[in-house]
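The values are calculated or read from the model by the stated rules, or taken from the named source; none is laboratory data. The shown structure was predicted, so the numbers you read here are calculated from the model rather than taken from an experiment. We place every Cβ from the backbone using ideal geometry, glycine too, and count neighbours over all the protein chains shown.
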Amino acid sequence: MQEYRKEIGRTETVETSPATQRGAFKAEMIVYWVAGIIEFLLLIRIVLGLLGANKGNGFAQFIYSITQPFVQPFYGLFNTTFQFEAARFEYEAIVALVVVAFIAWAITKLIEIIRR
């Protein structure tokens, strides 16, 4: 596969092998797959919080413990909380969701740059 790069007044041909292309594609897919799982777990955490799930329940404990490392850095970021009885809207989990998506995007762009 040939790729053309145009620089000031000249064009050069850069060869990239199909194996390199496939490896980069697989790496990008792995990054998106891992980020997708993390984001799915964060979404479950948000829903559990909004529905006021019992934190003593085994499933809720599992979800909260798995997602805690991703949400922990954002505690205290907001001075307000939205809570109604047992239900709580976690702003921190929303921020974690956005940050995980951005990091996945940045890593895949870095893979793309390295591949070229």
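If the condition is being modelled with pLDDT under 95, among the aromatic types (Phe, Trp, Tyr) and assigned to a helix (DSSP H, G or I), then the stretch 65-90 contributes only PHE74.
For the stretch 78-113, a residue qualifies if it is of a type in the set (Phe, Trp, Tyr) and over 10 Å from the mean Cα position of the chain (by Cα), and the qualifying residues are PHE78, PHE82, PHE84, PHE89, TYR91. Looking only at residues of the stretch 65-109 that are touching a residue at least 12 places away in the same chain (Cβ under 8 Å) and hydroxyl-bearing (Ser, Thr, Tyr), we find that the one that is surrounded by the most Cβ atoms within 10 Å (Cβ to Cβ) is THR67.
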